[in-house]
Amino acid sequence: MTSDDSTSNIPGTGPGPASVVRAGVVQAAPVPFDPVVTLRVVERWLSEAAERNLDLVVFPEAFIGGYPKGSAFGGVVGDRTTAGRDEFARYWNGAVEVPGPVTDRLGELAAGARTHLVIGVVEREYGTLYCTVLSFSDTGAFLGKRRKLMPTGAERMIWGFGDGSTLEVHRTKVGRLGAVICWENMMPATRMAMYAQGIELYCAPTADSRESHHVTMRHIAMEGRCFVLAANQCLRVRDFPTDHPTPYGDDPEQLISRGGSSIIGPLGEVLAGPVLDEEVLLTADLDMGLIPRARYDFDPVGHYAARRLPPPRGHHRPPRRTDQRQSERSPLGRPAPHVHLVACHA
């Protein structure tokens with residue numbers, strides 16, 4: 001991980017000098033399978049963000065590389081087709097290596113716009129693709145990557161599984177910044193892992209445009225007493241290559257992803273959005289002083305944490321050594337909640 005002078009490693013420093021964070025969420029269409037052209041799309045939106053003096057900009061899930069909604073890649077239980085393998089090869093070729101030229105360019109764009117950048121990419125490592133979110137400081141420093149822990153449904157045919165080793169919250173001058181991807185937001189252990197690190201700016205790149213997902217975003221803001229920035233694509237048939245198989249017909253204006261992006265405050269109040277069926281840069285001024293006010297009566301990993309609950313009936317947890325118990329501390333110095341995430345290190 002690249003260090004950056006704008007970040008703070010001192011526990012308990014909170015958001016530092018930034019009392020109000022001007023934040024933006026991009027709801028737009030990339031150019032699927034073409035990272036070079038999509039970088040120009042990112043540049044255009046970041047130019048608008050710079051004009052609005054935004055401190056933080058969040059892009060949707062799999063924005064670079066593409067979210068191939070409706071694609072089957074020729075896969076059925078027990079068999080794959082030759083055409084499906086060709087389709088996957090094009091998807092693989094359109095993915096990005098981390099670090100690499102695309103991440104270098106993203107850092108340059110973040111620095112040029114003087115904004116913190118959180119963006120979803122399809123990451124390539126050897127023969128495997130991952131749904132990944134990259135974070136950059138406003139100086140262009142690469143803060144780190146987050147790999148999606150659990151691809152949803154048919155995503156498991158094309159994406160590998162992440163692990164807890166990338167489940168980090170970054171301390172920046174605008175606040176504690178982290179990302180949870182799409183349906184990971186319905187995984188309680190994942191949310192608790194982020195809350196235990198004191199997350200304040202909870203970025204939620206997604207591919208879900210339903211009202212039920214917006215309800216989930218509001219719940220998380222209330223539960224975590226943090227700001228939630230949900231970003232989704234607004235995608236039509238015309239945005240994919242003409243020879244890409246799709247179940248949505250041949251009308252170029254047919255919507256594939258409706259968006260539904262939003263910005264939510266730490267008491268569940270909607271600050272911007274949700275917006276459907278159009279490209280937009282949502283913005284809101286985030287008063288970071290609202291977070292301690294919100295945590296006055298609820299802190300899921302502090303005074304409102306249930307520490308003495310017995311395990312559920314039928315649940316047999318293997319005994320742990322004393323030294324393991326001593327080492328299980330959260331970055332904030334309090335006992336970490338029981339989050340069973342496996343960290344695999346090469």
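Tell me, please, whether a residue that is surrounded by 17 or more Cβ atoms within 10 Å (Cβ to Cβ), of a type in the set (Phe, Trp, Tyr) and not in a strand (DSSP E or B) can be found in the stretch 239-255. For the stretch 239-255, residues surrounded by 17 or more Cβ atoms within 10 Å (Cβ to Cβ), of a type in the set (Phe, Trp, Tyr) and not in a strand (DSSP E or B): present. Considered as a group, the residues in the stretch 67-79 that are of a type in the set (Gly, Ala, Ser) and touching a strand residue (DSSP E or B) at 6+ places or on another chain (Cβ under 7 Å) include one that is least open to solvent (accessible area, probe 1.4 Å), and that residue is 74. Taking the numbered list (1) part of a loop (DSSP other than H, G, I, E, B); (2) out of contact with any strand residue (DSSP E or B) (no Cβ under 9 Å at 6 or more places or on another chain); (3) open to solvent by 60 Å² or more (accessible area, probe 1.4 Å); (4) modelled with pLDDT under 85 in turn, residue 303 passes all entries but (4). If you go through the stretch 189-213 and keep only what is assigned to a helix (DSSP H, G or I) and either under 15 Å from residue 120 (Cβ atoms) or open to solvent by less than 20 Å² (accessible area, probe 1.4 Å) (or both), you end up with 190, 193, 194, 195, 213.
Which one of 191, 218, 225 is among the basic types (Lys, Arg) and out of contact with any helix residue (DSSP H, G or I) (no Cβ under 8 Å at 6 or more places or on another chain)? Step by step, each of 191, 218, 225 is checked, and only 218 is among the basic types (Lys, Arg) and out of contact with any helix residue (DSSP H, G or I) (no Cβ under 8 Å at 6 or more places or on another chain). Counting the residues of the stretch 160-188 that are over 23 Å from residue 92 (Cβ atoms), under 12 Å from the mean Cα position of the chain (by Cα) and in a loop (DSSP other than H, G, I, E, B) gives 4. On inspection, residue 60 fails the criterion of being modelled with pLDDT under 95 and either in a helix (DSSP H, G or I) or surrounded by 22 or more Cβ atoms within 10 Å (Cβ to Cβ) (or both).
The values are calculated or read from the model by the stated rules, or taken from the named source; none is laboratory data. Keep in mind it's a predicted model, so treat the numbers as computed, not measured. Using ideal geometry, Cβ is built from the backbone for each residue, glycine included, and neighbour counts are taken over all protein chains shown. Just so you know, the surface numbers come from the protein's heavy atoms only, side chains and all, with ligands and any DNA or RNA stripped out. Shrake-Rupley method; radii C 1.70, N 1.55, O 1.52, S 1.80 Å.
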